[in-house]
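See structure below.
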Amino acid sequence: MKDESPPNESDLIQAIDRAHVDVSIAQRHMFSLIAQVDRLQRWRGSGARDMAHWLWMRYGISDWKARRWIASAHALTDLPRISRAFAEGDLGIDKVIELTRFATPENEANLVRWARNVSCGGIRRKADVVLGAAVKDVVAADRARSLSWWWFDDGRRFGMQAELPAAEGSVVSKALERLAETMPVMPGEDDPSRADARRADALVAICSSRMASDADQDRATIVVHAQLEGLTSSGSGELEGGPAIHHETLKRLLCGARVQAVVEDATGNIVGLGRTSREPPAWMVRQVRYRDKECQFPGCGAIRFTQAHHIVFWRDGGRTRLDNLLLMCSFHHKLVHEYGWSVSRDVEGAVRWRRPDGTRYRAGPSSTHGPPADRIHGIAS
């Protein structure tokens, strides 16, 4: 039996390059055919309103893309240099579509050289500047706005996709970027490349803040169904309309003012409602905020997006009383529930934090690494 070793990296990349050229040749040929079909109006009699309608019905593309393809296909007839660069794979289809919006036989040679070294977005921006934003394009972008979400990975993950007009999109991106700059870094995520994680945290923080201020408490409440064992280390809960969640995530959610737990026995009978059994009333939350002022993790000082946390969880016998509540930000709240940290308060009211390994966390540098005694005396003298 012949031993077939896997191709090396260079061979794979060359194979992709050849496939790219093959695709480009086919795409250029397809554009030629699109222009020809449109000129001959061969789309008539097929139940289509126009060529664009025929394209997006037949090939499952958007109306916007179909119209861009048609316009580019006709423009390439008079742009031989861009057409050749397209067929040779030198310029991809997206760049070609943007270039043909404003290229002319007089400037196409310079544009081909320029387009090789800029992004497709850069070409699009130049085309928008040269042509100006047409009102119909603005309206089309607005009507195409959308936001959708879904659960995946057996309910362990939540996906979201949005498409907005550029102006509204810039508002969203700026708000998330600005808030993300203030979000703390979760353990193991201090790499600058994980800025996307902090943007995700910023989105959650904005939505949490909005839910907390919603006047319609019933409609703005996240409902969690859990059996009794789901509140122990061996079980989990289930979001209403969503997937199952880990028991530690369940406990963290139950500290929030807009989450209601429906506790059930093994047969599905309701044996308790979290909202009536452990949620601090508004006056108590205000008192906790007045007393603690800021997140009670040593040195944190966060004031925004703070929550009243049950030091001893109510399922373990903890009471919804001021001495069992502690103000902490969403970041340190997650540390307690999902990352293994713990917090306690002694009889004198002192709060103690412990790392996942059980060691006491103390703010500030360790005293064992302080300056030598002779240096201290030298400074004092």
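The values are calculated or read from the model by the stated rules, or taken from the named source; none is laboratory data. Bear in mind the structure is a predicted one, so any value in this text is a computation, not a measurement. All Cβ positions, glycine included, derive from the backbone under ideal geometry; neighbour counts span all protein chains shown. Heads up: the accessible areas ignore ligands, DNA and RNA and are worked out on the full protein's heavy atoms, side chains in. Shrake-Rupley method; radii C 1.70, N 1.55, O 1.52, S 1.80 Å.
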> Picking from Asp190, Asp154, Asp196, which residue would you name as being within 28 Å of Val336 (Cβ to Cβ), at pLDDT 80 or above and of a type in the set (D, E, K, R)?
Replying inline: Asp196
>> Which pairs turn up if I take residues in segment 349-360 that are of a type in the set (Val, Ile, Thr) and look for partners that are surrounded by 10 or more Cβ atoms within 10 Å (Cβ to Cβ) with beta carbon separation below 6 Å, at least 6 apart in sequence or on another chain?
In response: Val351/Gln296; Val351/Arg345
> Wholly within segment 311-357, which strands (runs of 3 or more DSSP E) include no fewer than the required count, namely at least 2 residues that are under 25 Å from Thr182 (Cα atoms) and within 27 Å of the chain's Cα centre (by Cα)?
Replying inline: 325-329
> Which residues, taken from segment 1-40, are surrounded by fewer than 11 Cβ atoms within 10 Å (Cβ to Cβ) and part of a loop (DSSP other than H, G, I, E, B)?
Replying inline: Met1, Lys2, Asp3, Glu4, Ser5, Pro6, Asn8
> Got a number for residues in segment 76-96 being within 24 Å of Arg125 (Cβ to Cβ) and either open to solvent by less than 80 Å² (accessible area, probe 1.4 Å) or among the small types (Gly, Ala, Ser) (or both)?
Replying inline: 13
>> I'd like to know if segment 140-148 contains one or more residues that are open to solvent by 80 Å² or more (accessible area, probe 1.4 Å) and touching a Gly at 6+ places or on another chain (Cβ under 7 Å).
In response: no
> Quick check, is Arg84 at pLDDT below 95 and within 22 Å of Gln36 (Cβ to Cβ)?
Replying inline: no
>> Cβ contacts < 7 Å: first residue open to solvent by 30 Å² or more (accessible area, probe 1.4 Å), restricted to segment 53-75; second residue among the small types (Gly, Ala, Ser) and assigned to a helix (DSSP H, G or I), any location; separation 6+ or different chain. Result?
In response: Trp56/Ala66; Asp63/Ala52; Trp64/Ala140; Arg67/Ala52; His74/Ala35
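Among the residues of segment 159-187, what is the count of those that are under 23 Å from Gly301 (Cβ atoms), open to solvent by 80 Å² or more (accessible area, probe 1.4 Å) and either hydroxyl-bearing (Ser, Thr, Tyr) or modelled with pLDDT under 80 (or both)?
1
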>> Being modelled with pLDDT under 85 and buried (at least 18 other Cβ atoms within 10 Å of the Cβ) is the filter here; which residues of segment 298-312 pass it?
In response: Ala302, Phe305, Thr306, Gln307
>> For the list (1) small (Gly, Ala, Ser); (2) modelled with pLDDT under 80; (3) within 15 Å of the chain's Cα centre (by Cα); (4) surrounded by 15 or more Cβ atoms within 10 Å (Cβ to Cβ), I need the number of the one condition that Ala202 fails.
In response: (2)
